[in-house]
Amino acid sequence: MKILVVGGGGREHAIIKSLKKSSKVEKIYATPGNGGIALDAECYPIKATELDKIVEFAKEKQIDYCVVAPDDPLVLGLVDRLEEIGVPCFGPKKCAAILEGSKVFSKNLMKKYGIPTGDSVTFDNAESAIEYLKTTSYPTVIKADGLALGKGVIIAKNFVEAENAVKEIMLDKVFGASGNNILVEEFLTGPEVSVLSFTDGKVVIPMVSSMDHKRALDNDEGLNTGGMGTIAPNPYYTEEVAKECMEKIFLPTIDAMNKEGRTFKGCLYFGLMLTPKGPKVIEYNCRFGDPETQVVLPLLESDLLDIMIATTNGTLNEELVKFSNGSATCVVMASSGYPQKYESGFEIKIGDLEENENVYVAGAKLDGGVLKTSGGRVLGAVATADSLEEAIKNAYKVVEKISFDNAYFRKDIGKKALLATKK
Ligand code: AMP
Ligand code: GLY
């Protein structure tokens, strides 16, 4: 089969490397892909949001199946567009991708169907939001309704910070129309867990759980980033918690979307917080997480393409999805300065990798055949092992095999998780 993967980050590289293991895959294209992906797939410089061009490309190359990985093309309706021309896709249609595309939609859905989440109030104008913020307790959480490149959530410690956030989002429109509405949400506490799942709208099959490390610096300090590393499985996500999440969150979400006439098919990502009052939904994503995918897919023992096609066809079942009992760690190597200003254009050297090691490239381009840095998060150094402790050690061994000028990475990926396993 000829496969098209839309997107160009480390997540897409992990998806492509996993798909390549399938005997049914004849050729993989990526739009736009990146310099590292170019070593595994044929890349074409079409942005993930250029829907018309992607549709044309899919026709021209006679694509048999398309994996739409990033949030924005899903929310814009790329799956609907491709299915109209007869190209089956992995990913939800526009009417279901709204689960990530609008936080107001998903909050209302959770309230209507009794799915556990933080209390919140919605506002469509800055004045009433600011009046409300004078009366609420702190810290409080302010969320832009729409997509905001992962930056639309502000945790305000006091009224001044909250007021500034509302003004930036609703008046200065730093996230454009995504800030026309906001949520002011109760501040929750507890360990966070990412659970990616496959669903065909009938069954929901959780993948191995994971833990992201969002802050730029060690000990979870510094600015929020797109993710500096991940581990899987997440030790806080015990069998008991998993059972509770299935009963109270996963199945009710699938049912709720069906009842709303918005059947969700694809990868549904549950961002959870294990609060003292039980697991609650922090966010839904309508896609694979990045860099969660980089630790989840190396643990998948089954054929990813078979699972994806079953998801599209509505024939998903547990037999199709098997994960190993091992652990995985991803250490993101970034350009020093990320998530703020950084320099690019440095040559990346990668040593020989063992079978349990992987490098998933995110921000790099090929320049005359030489791989050079071109983004903030450059790549993920990934390794698997029987235990989390070994997986962490192995991932840092992969880091040692990689060199580029101005490389920065966190030294403590998995440390918190490891402590939790020893409690
Ligand atoms: P998001 O951009 O939705 O992934 O949110 C970014 C981060 O904000 C989450 O990973 C949480 O750490 C934090 N967060 C979001 N909502 C809440 C909440 N209600 N209480 C505490 N922290 C939150
Ligand atoms: N790692 C969080 C996300 O993909 O949104």
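Bear in mind that the values in this text are calculations on the coordinates, not laboratory data. These numbers come from a predicted model, not from an experiment. Don't worry about glycine lacking a Cβ; one is built from the backbone with ideal geometry, like all the others, and counts go over all protein chains shown.
Numbers below:
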quantity: Residue order, fewest to most surrounding Cβ atoms within 10 angstrom, among ILE85, ILE231, ILE254, ILE130; calculated: ILE85, ILE130, ILE254, ILE231
quantity: The chain - percent relative contact order, Cα under 8 Å, separation 6 or more; calculated: 16
quantity: Kirkwood Rh and Cα Rg combined as Rg over Rh, evaluated for the stretch 89-172; calculated: 1.01
quantity: Bins of 5 Å, starting at 0 and running to the largest distance - Cα pair percent for the stretch 44-110; calculated: 3, 19, 28, 22, 13, 7, 4, 2, 0
quantity: Projected label distance in nm at ALA420 and GLU42, using a 7 Å step from Cα toward the beta-carbon; calculated: 4.3
quantity: 17 Å Cα-Cα reach of LYS107 towards lysines, excluding residues that sit fewer than 8 places from it in its own chain; calculated: LYS143, LYS248, LYS259, LYS280
quantity: Descending semi-axes in whole angstrom, ellipsoid equivalent of the stretch 267-423, from the Cα gyration tensor; calculated: 29, 20, 18
quantity: Over the stretch 242-294, relative contact order from alpha-carbon pairs under 8 Å, at least 6 apart, %; calculated: 27
quantity: Debye-sum result for the stretch 142-188 in log10 I(q)/I(0), which assumes one identical scatterer on each alpha carbon, at q = 0.23 Å⁻¹; calculated: -0.73
quantity: Listed peptides 302-308, 242-248, 232-238 by packing density, highest first (mean Cβ within 10 Å); calculated: 232-238, 302-308, 242-248
quantity: Computed log₁₀ I(q)/I(0) - Debye formula, equal Cα scatterers, no solvent, the stretch 208-339, q 0.12, 0.19 Å⁻¹; calculated: -0.55, -1.29
quantity: Residue order, fewest to most surrounding Cβ atoms within 10 angstrom, among HIS213, HIS13; calculated: HIS213, HIS13
quantity: The chain, helix-only ellipticity at 222 nm - DSSP H runs n ≥ 4, -39,500 (n - 2.57), divided by all residues, nearest 500; calculated: -7500 deg cm²/dmol
quantity: Projected area averaged over orientations for the chain, convex hull of C-alpha atoms, nm²; calculated: 19.5
quantity: Choice from ALA97, ALA383, ALA129 with maximal GNM fluctuation in the chain (Cα, 10 Å cutoff); calculated: ALA129
quantity: Karplus-derived 3J(HN,Hα), 6.51/-1.76/1.60, for each residue of the stretch 61-68, Hz, glycine and proline x; calculated: 8, 6, 5, 8, 7, 10, 9, 9
